[in-house]
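Everything on this sheet refers to the single structure shown next.
The values are calculated or read from the model by the stated rules, or taken from the named source; none is laboratory data. Nothing here was measured: the structure is a model prediction, and the numbers come from that model. Quick reminder, even Gly has a Cβ in these numbers, built from the backbone with ideal geometry, and neighbours come from all protein chains shown. Surface accessibility is based on the protein's heavy atoms, side chains included, excluding ligands, DNA and RNA. Shrake-Rupley method; radii C 1.70, N 1.55, O 1.52, S 1.80 Å.
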Amino acid sequence: MFNRFKSALLSSVGAAESAAAAAQAAVTDGAEAAGGPAARPAKFAYGRPAFLQLETEDELQVAGDRVIRPIIVPRDSSRLPWTAGYAEAVNAGKSKRNEDAAAVYTGVLHQPPPGGPAGDGDGDGLQRTGRSVPYYYFGLFDGHAGHGASVAAAHQLHHIIHERLVDVLDHLLPPDPSAAEAAPAPGVRAASLWIPAEEVAPEKLVTGALEAAFNDMDALIAEDRLKYDMRGGCTAVVALLLLGRLYVANAGDSRATYCRHGRAVIASHDFTPETERHRVRQLACQQPALTGGEFTHLDFARRVGRRDLGKRVLYRDAHMTGWAYKTVTERDLRFPIVCGDGKRSRVCATIGVTRGFGDHDLKAQNTNVNIKPFLSSQPQVLVVDLEEEAVTESDVLVMATDGLWDVISNERAAELVEQSLAAFPADDVTKRRYRCTSAAQDLVMSARGKLKERLWRLSDGTMATIDDISVFVVPMLPYREEHLLWKLGQEASAVRCAPAEPPSGVRQVSEPAQLDRYQSLVEQCGRPSPPAGTSPSGNPTAAATAAAATAAAAAAEDPVETGVEPEFADAETGEPAAANGPVPAANGPSGTPSAAEQVGTVPVTWFGGEDATPVRRPANR
């Protein structure tokens, strides 16, 4: 029976993966003898994700039972944003512990007010508190050859991403209207901020922040391994919800799939030796010293041996996509840098992933060849604009480690999620909180299968996964609604404090100081002066005042004129409908701008380039 189990194990994960574990163990044993990593303290204690609330050693032992493989879900689903779902199951003996790690973080990017800390920035008596941008972070990390790298990434990556986002926050947000007077010059946000000649799209800045953070995380693990026990490596898939967009960053063979109405709309790309065969072979060709004379970058149609010396066989060089013939020489008998196909493909016959964190000390089996130069921490970043998408209750993001994707396709996962969501209708308040948790649990159960004759099998009788399985199911609609309400509050705040707003038909600009200030602002914005309907001195004419009063009365009766989107307006009061908290107040106690502020204007528009001063553009009446 043991032989049958061993055969099933090798057929699922590949003999080369066992060889990789043995190679890592050999490195660890040697380090222990020399007082190396095993003698060093762990930087972070091993544990399961904090939101699971597994606090005692007994609970950890039950969750890590590799015989019954229980499916673990959060005790309190409200610990995850929007009651998102999470479920996990330990491996069937592949490693001593569950080497997957997960993290959830709710953060706020804060932009200080002009003039320094919160308070009276320029002595005008106005309290300025700066602007805050909320974001949400979900991360999954699949460890191999130890849990050190995955646990470290789960504890630190979100902090690194936060720091990188703070660096570009001034570019992500439109200019602050309240900062116009405090700015050193018109159109310049800060003296120390470099403004590019060409406008950079916000999604490019966030993508760059994620890529830089992944590189920083890998470098931090490389540095920490010299002081702490941080062996092995891990893959990483991260979802970031920021400013109405979904960013998915993936390095490795974990995957994220956007599901809608039972269909997989978009999915991240797996980075394995099979998918990155061309990149690895090109690197081995350009820098042959990295192979140590043990491996060849050539790819042959079949494995060549000594009996093939002098024969002509089909081969493919690093610069080729097709096949050609060459005569086999002694140098061609070296082991290929990438061997195997599909899930059994390996780099240097050792590791089955090509991107992620860690593996800085990993060497090819029975050689002194360092594998790290062939690996990369650079993620692929996908961007989905949720403001432009027709997001519904069925839109969810499924994030999972390869324990799920080894046996479940993207399409099948989308079908299972849709079936589970249908069993817990969104309009049922008593069941709504269990929707995503149930979907995550069903996905894990489908991939884990059932124990039959001491082997884990799927419902169709085929072999189930014996790897660790971790799954997030994140709903998209609650975030989109929350973001739109936040954006509405920002626009209302801009209406309150925009200094460059011209006088409307009901605003009197008669004081000399006010008139001089208005004329100065008009010159900064490059707008015609005076506005239509005013006298040469800038004061409104009697006709304009009367027309504005009539328009103000009409605007008070029309909720659309208040600047509130119809779908977010209360049917009785016309006020914004609060989702996760009250909408920031505007110019009145009702939370909406006063009618006088709305007459003759349209929602805030930024124009004239990135350096332009924000203004309110008169509507064509």
> If we scan the range 241-262, do we find a residue that is open to solvent by 40 Å² or more (accessible area, probe 1.4 Å), part of a loop (DSSP other than H, G, I, E, B) and farther than 23 Å from D467 by Cβ?
Replying inline: yes
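Here is a yes/no grid of residues against (1) of a type outside the set (A, V, I, L, M); (2) in contact with a Gly (Cβ under 8 Å, 6 or more places away or on another chain):
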| residue | (1), (2) |
| --- | --- |
| V328 | no, yes |
| F335 | yes, no |
| R344 | yes, yes |
| P425 | yes, no |
> Which condition does V398 not pass, out of (1) surrounded by fewer than 17 Cβ atoms within 10 Å (Cβ to Cβ); (2) under 16 Å from the mean Cα position of the chain (by Cα); (3) not in a loop (DSSP other than H, G, I, E, B), if it passes all the others?
Replying inline: (1)
> Are any of the residues in the range 126-144 aliphatic (A, V, I, L, M) and at pLDDT 90 or above?
Replying inline: yes
> Could you say whether any residue in the range 41-57 is open to solvent by 50 Å² or more (accessible area, probe 1.4 Å), modelled with pLDDT of 90 or more, part of a helix (DSSP H, G or I) and of a type outside the set (D, E)?
Replying inline: yes
> Out of the range 439-478, which residues are in a helix (DSSP H, G or I), open to solvent by less than 20 Å² (accessible area, probe 1.4 Å) and small (G, A, S)?
Replying inline: A439, A440, A447
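Take the conditions buried (at least 21 other Cβ atoms within 10 Å of the Cβ) and either in a loop (DSSP other than H, G, I, E, B) or modelled with pLDDT of 50 or more (or both) and apply them to Y86. Does it pass?
Working: buried (at least 21 other Cβ atoms within 10 Å of the Cβ): yes; either in a loop (DSSP other than H, G, I, E, B) or modelled with pLDDT of 50 or more (or both): yes.
Spelling it out, Y86 is indeed buried (at least 21 other Cβ atoms within 10 Å of the Cβ) and either in a loop (DSSP other than H, G, I, E, B) or modelled with pLDDT of 50 or more (or both).
Taking the condition touching a helix residue (DSSP H, G or I) at 6+ places or on another chain (Cβ under 8 Å), buried (at least 17 other Cβ atoms within 10 Å of the Cβ) and under 30 Å from R260 (Cβ atoms), does V407 pass? Let's see the steps before the verdict.
Values: touching a helix residue (DSSP H, G or I) at 6+ places or on another chain (Cβ under 8 Å): yes; buried (at least 17 other Cβ atoms within 10 Å of the Cβ): yes; under 30 Å from R260 (Cβ atoms): yes.
Criteria met by V407.
Please enumerate the residues belonging to the range 129-145 that are in contact (Cβ under 8 Å) with a residue 60 or more places away in the chain and either over 30 Å from G93 (Cα atoms) or aromatic (F, W, Y) (or both).
R131, V133, P134, Y135, Y136, Y137, F138, F141
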> Of the residues G293, G305, G356, which single one is modelled with pLDDT of 95 or more, open to solvent by less than 60 Å² (accessible area, probe 1.4 Å) and out of contact with any helix residue (DSSP H, G or I) (no Cβ under 6 Å at 6 or more places or on another chain)?
Replying inline: G356
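Going by the structure shown, is D317 crowded, with 20+ Cβ neighbours inside 10 Å, among the charged types (D, E, K, R) and in contact with a helix residue (DSSP H, G or I) (Cβ under 8 Å, 6 or more places away or on another chain)?
Here the answer is no, as D317 does not meet what is asked.
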> Does Q365 qualify as being touching a strand residue (DSSP E or B) at 6+ places or on another chain (Cβ under 7 Å) and open to solvent by 30 Å² or more (accessible area, probe 1.4 Å)?
Replying inline: no
